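J.: After the structure tokens below, expect a handful of questions from me.
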Amino acid sequence: MHITLNGEPYDASANLLHDLLQQLELLDKRIAVEFNEEICPRSEWPNQAIQEGDIIEIVHAIGGG
Amino acid sequence: MQTDSFTVAGQAYNSRLLVGTGKYKDLEETGVAIAASGAEIVTVAIRRTNIGQNPDEPNLLDVISPDEYTILPNTAGCFDAPTAVRTCQLARELLGGHKLVKLEVLGDQKTLYPDVPATLEAAETLVKDGFDVMVYTSDDPLIARRLEDIGCCAIMPLAAPIGSGLGIQNKYNILEIVESANVPVLVDAGVGTASDAAIAMEMGCDGVLMNTAIAAAQKPVLMAEAMKHAIIAGRQAYLAGRMPRKRYASASSPIDGLIA
């Protein structure tokens, strides 16, 4: 499945957002996810299906002023 | 001394120094410098995670814990209102519903000056969406008033361009903003050394937000401590009320009883 992940083309084998995040070893990290420009709360990750063309942003906090 | 806290978005803080977490050598130095600064409000940036790269990399929020500090996510690097708003929404999700954000919408890479129309637009959207918005802006007193009218909880005019270390360039504008505002006014950006921070506080600012002045010092931890003292000294001088300036000398020792 071709999706856009953090601005780059990505070939996803997972059908659910939860599974994708697990594959990426990000499930237990301090992250937030935007799914097609809408916030996807952590509680929704297990239900969020991934489809061809979806646009996913995964962010975290880094140093900044 | 009596406590002299300032309140932003309903929360009282004892430290009037707010610090950023960018440009440090590593996370360890970040943690030590921020502890030395005594800051209670600490800014962070929100960025894409590196996909497939070292998932065990230490996380900033493990060093600067939200249990210990008030985390102030910023919208640094956003050059339009929609991106800034999305960044704040992601930050709120990341920090478990936390509503306090530092809004900055930049207009130009060279100066990093705020894009004021876009800042006003983003501020309006964010306030309506329930955010507590501390807003980085130009030192224009009329724009400061507009941002306060929109409902921003703190106005943060620049002293000089971000990361320039030039100190307060437009003192009378900052003074005008301080005197007119009914919300806290913090100088954000452009402070270079301790005296710059002290001057801002002597002028009556409620606080100062800085990053590069500490992180880019030769000894960041020592500068963090210097800034802590400068903020306290400047605040106390403001509260004490400085003596009037006079053109000619006025002897400190009495004239009476001189031997000749």
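The values are calculated or read from the model by the stated rules, or taken from the named source; none is laboratory data. Keep in mind that this is a model prediction, so the values were computed, not measured. No Cβ is skipped: glycine too gets one built from the backbone with ideal geometry, and neighbour counts run over all protein chains shown.
J.: Please work out if B:Tyr238 is aromatic (Phe, Trp, Tyr) and either assigned to a helix (DSSP H, G or I) or within 14 Å of chain A (Cβ to nearest Cβ) (or both). Break it down into steps so the answer makes sense when it comes.
T.: Details: aromatic (Phe, Trp, Tyr): yes; either assigned to a helix (DSSP H, G or I) or within 14 Å of chain A (Cβ to nearest Cβ) (or both): yes.
Criteria met by B:Tyr238.
J.: Here is a further query. Working carefully through the options B:Asp67, B:Asp115, find the one that is among the charged types (D, E, K, R) and out of contact with any strand residue (DSSP E or B) (no Cβ under 9 Å at 6 or more places or on another chain).
T.: Working: B:Asp115 fails: out of contact with any strand residue (DSSP E or B) (no Cβ under 9 Å at 6 or more places or on another chain).
After applying the criteria, what remains is B:Asp67.
J.: So, in segment B:182-195, how many residues would count as being under 9 Å from B:Ala144 (Cβ atoms) and either surrounded by fewer than 20 Cβ atoms within 10 Å (Cβ to Cβ) or among the polar types (S, T, N, Q) (or both)?
T.: The number of residues fulfilling the criteria is 0.
J.: Could you list all residues from segment B:79-112 that are surrounded by fewer than 16 Cβ atoms within 10 Å (Cβ to Cβ) and farther than 22 Å from A:Glu37 by Cβ?
T.: Across segment B:79-112, the qualifying residues are B:Asp108, B:Gln109, B:Lys110, B:Thr111.
J.: Restricting the search to segment B:52-78, which residues are under 17 Å from B:Thr137 (Cα atoms) and either more than 10 Å from every other protein chain (Cβ to nearest Cβ) or buried (at least 19 other Cβ atoms within 10 Å of the Cβ) (or both)?
T.: Of segment B:52-78, the ones under 17 Å from B:Thr137 (Cα atoms) are B:72-78.
Hits for segment B:52-78 are B:Leu72, B:Pro73, B:Asn74, B:Thr75, B:Ala76, B:Cys78.
J.: Then there's this: Scan segment B:31-49 and tell me whether some residue there is polar (S, T, N, Q), under 26 Å from B:Leu126 (Cα atoms) and surrounded by fewer than 15 Cβ atoms within 10 Å (Cβ to Cβ). Can you show your working first?
T.: Here is the first cut: in segment B:31-49, the residues polar (S, T, N, Q) are B:37, B:43, B:49.
Still in the running and under 26 Å from B:Leu126 (Cα atoms): B:43, B:49.
Checking the rest, the ones that are also surrounded by fewer than 15 Cβ atoms within 10 Å (Cβ to Cβ) come to none.
No, every residue in segment B:31-49 fails to be polar (S, T, N, Q), under 26 Å from B:Leu126 (Cα atoms) and surrounded by fewer than 15 Cβ atoms within 10 Å (Cβ to Cβ).
J.: Right, something else. Exactly one of (1) surrounded by fewer than 19 Cβ atoms within 10 Å (Cβ to Cβ); (2) free of Cβ contacts under 8 Å to residues at least 40 places away in the same chain; (3) assigned to a helix (DSSP H, G or I) is unmet by B:Ala226. Its number?
T.: (1)
J.: OK, next. In contact with a strand residue (DSSP E or B) (Cβ under 8 Å, 6 or more places away or on another chain) and either under 28 Å from B:Leu18 (Cβ atoms) or within 11 Å of chain B (Cβ to nearest Cβ) (or both): is that true of A:Leu20 in this structure? I'd like the intermediate steps shown before the answer.
T.: Working: in contact with a strand residue (DSSP E or B) (Cβ under 8 Å, 6 or more places away or on another chain): yes; either under 28 Å from B:Leu18 (Cβ atoms) or within 11 Å of chain B (Cβ to nearest Cβ) (or both): yes.
The answer is yes for A:Leu20.
J.: Right, something else. Of all helices (runs of 4 or more DSSP H) completely enclosed by segment B:46-135, which ones contain at least 2 residues that are under 19 Å from the mean Cα position of the chain (by Cα)?
T.: On the way: elements: B:60-63, B:81-94, B:116-128.
In segment B:46-135, the matching helices (runs of 4 or more DSSP H) lie at B:81-94, B:116-128.
J.: Kindly indicate whether B:Ile51 is of a type in the set (A, V, I, L, M, F, W, C) and at pLDDT 95 or above. Show your work before the answer.
T.: Details: of a type in the set (A, V, I, L, M, F, W, C): yes; at pLDDT 95 or above: no.
Criteria not met by B:Ile51.
J.: A further question on this structure: Regarding A:Ile58, is this residue in a strand (DSSP E or B), surrounded by 18 or more Cβ atoms within 10 Å (Cβ to Cβ) and more than 9 Å from every other protein chain (Cβ to nearest Cβ)? Lay out the reasoning, then the answer.
T.: Numbers: in a strand (DSSP E or B): yes; surrounded by 18 or more Cβ atoms within 10 Å (Cβ to Cβ): yes; more than 9 Å from every other protein chain (Cβ to nearest Cβ): no.
So A:Ile58 fails the test.
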